[in-house]
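J.: Before anything else, here's the structure in question.
Values quoted throughout were computed directly from the atomic coordinates according to the rules given, and no laboratory measurement underlies them. Keep in mind the model is a prediction, meaning the values are calculated, not measured. Please note: Cβ atoms are built from the backbone with ideal geometry, for glycine as well, and neighbour counts cover all protein chains shown.
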Amino acid sequence: MQLPKQVKIVEVGARDGLQNEPTPVPLEIKLGLIERLESAGLSVIEAGSFVSPKWVPQMASSAELFQQINQKPGVSYPMLVPNLKGLEGALAAGVKEIAIFAAASESFTQKNINCTIEESIARYSDVMTQAKQQGLLVRGYVSCVLGCPYEGEIAPERVADVARHLYEMGCYEISLGDTVGVGTPTKAQQMIDAVSQFVPVEKLAAHFHDTYGQALANLYAVLQRGVSIIDSSVSGLGGCPYAKGASGNVATEDVLYMLNGLGIKTGIDMDKLLQAGDYISRHLQREPASKVARALSVAG
């Protein structure tokens, strides 16, 4: 077993974590969160998305947010783009990196964006063509890689097929999302084994939710397969929309604690990361959701 010596953490709290909050988070609070995440040493901070404010009101200020970020050298601030209209907004704001979002489940794709998987890939092909012409980096997401709220288990081969399409289209990195958090370690490894036949493992990221408390176990399992990129959310921001009251994104603090214990380098300062989590949790008027923050609070 050969674990990576270094792992890149992609912080998704400011976008994926906040997008489902019931009340709007002010622009200055989002900027304050991003500034603290930068200070903690995060090199990739997903900042927002160019989606319809009618459907995702929390992301309505993404253009203004991006333009007000005091961008640090060596830090990237990708923005989610669902279609050509979103790409136009991203380009107008000066965005340098975008992310596109597909799924390995036909039912999820139909309910989420009202088309088939094949049609969704075709739509993103147009986005990719224009993004490349403008010199943008494009990251690809595949959701429902270990299970679907409508179809149940998803065959690894289906995940591999969607990931292959996104990679061949030109995505420099493919993030594999256990959207409902139902995966277990062996299934996570089997999925990586299938996908890595078509996409180099160093181009794969794990985006695992913690709905059933399996996220860290699943992450450790795919680290053993050579995955060295992990998506996570400070303070565990972002619930699981398919399981009421359940946790969603794995907390960055908990991921960092595990990686530190494994001797894997990340370049992230735990104390400053905890401060970032405390900052946004205070604004949301709730306790930090990470196990690390809670353990240190009790210990203190």
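J.: Across the chain, where is the longest run that never hits GluC sites (Glu not before Pro) in a DSSP loop with at most 15 other C-beta atoms within 10 Å?
T.: Values: sites that count: GLU151, GLU153.
That would be 1-150.
J.: So which chymotrypsin sites (Phe, Trp or Tyr not before Pro) in region 30-87 end up in coil per DSSP with only 16 or fewer other C-beta atoms within 10 Å?
T.: Values: sites: PHE50, TRP55, PHE66; in loops: PHE50, TRP55.
Here the sparse-neighbourhood loop sites are TRP55.
J.: Could you tell me the calculated FRET efficiency between LEU27 and ALA92, based on Cβ-Cβ distance and R0 = 22 angstrom, to the nearest 0.05? Please list the in-between numbers first.
T.: Numbers: r = 18 Å, r/R0 = 0.80.
That pair, LEU27 with ALA92, gives E of 0.80.
J.: Considering only DSSP beta bridges with both partners in the chain, what is the antiparallel share in %, to the nearest 5? Spell out each step's value before the answer.
T.: Details: 3 of 33 bridges.
Of those bridges, close to 10 percent are antiparallel.
J.: Could you please rank LYS5, LYS30, LYS272, placing first whichever residue has the fewest other Cβ atoms within 10 Å of its Cβ? The partial results should precede the final answer.
T.: Details: LYS5 9, LYS30 25, LYS272 16.
Going from least to most buried by this count: LYS5, LYS272, LYS30.
J.: Give the order of ILE121, ILE34, ILE9 when sorted by the count of other beta carbons within 10 angstrom, beginning with the fewest. Write down the numbers at each step before the final one.
T.: On the way: ILE121 19, ILE34 28, ILE9 24.
By the 10 Å Cβ count, ascending: ILE121, ILE9, ILE34.
J.: Tell me, in nm to one decimal, what length is gained between VAL298 and TYR150 on full extension, where the rule is 0.36 nm per residue of separation less the Cα-Cα distance? Mind showing how you got there, number by number?
T.: Working: separation 148, 0.36 × 148 = 53.28 nm, distance 3.92 nm.
My answer for the length gained is 49.4 nm.
J.: Can you list the lysines whose alpha carbon is less than 30 Å from that of LYS265, not counting same-chain residues fewer than 8 positions off?
T.: The qualifying lysines are LYS5, LYS8, LYS30, LYS72, LYS96, LYS187, LYS203, LYS291.
J.: Right, here's the next one. What FRET efficiency do you get for GLN285 and ASP126 if R0 is 30 Å and r is their Cβ-Cβ distance, rounded to the nearest 0.05?
T.: Details: r = 42 Å, r/R0 = 1.41.
Given R0 = 30 Å and the Cβ-Cβ separation, E is 0.10.
J.: How many angstrom separate the Cα center of region 81-147 from the Cα center of region 148-219?
T.: 17 Å
J.: Once Rh for the chain is found with the Kirkwood sum over Cα pairs, what is the Stokes-Einstein diffusion coefficient at 10 °C and 1.306 mPa s, in µm²/s?
T.: Details: Rh = 19.0 Å.
It comes out at roughly 84 µm²/s.
J.: Using a simple spin-label model with points 7 Å from Cα along the Cα→Cβ vector, what separation in nm is obtained for LYS54 and GLU119?
T.: Spacing of the two 7 Å Cα→Cβ label points: 1.7 nm.
J.: List the aspartates and glutamates whose alpha-carbon lies under 13 Å from that of LYS111, not counting same-chain residues fewer than 8 positions away?
T.: Output for LYS111: GLU151.
J.: Below 8 Å, C-alpha to C-alpha, sequence gap of six or more: please give me the relative contact order for the chain in percent.
T.: Details: 630 pairs, mean separation 59.0, N = 300.
So the answer I get is 20 percent.
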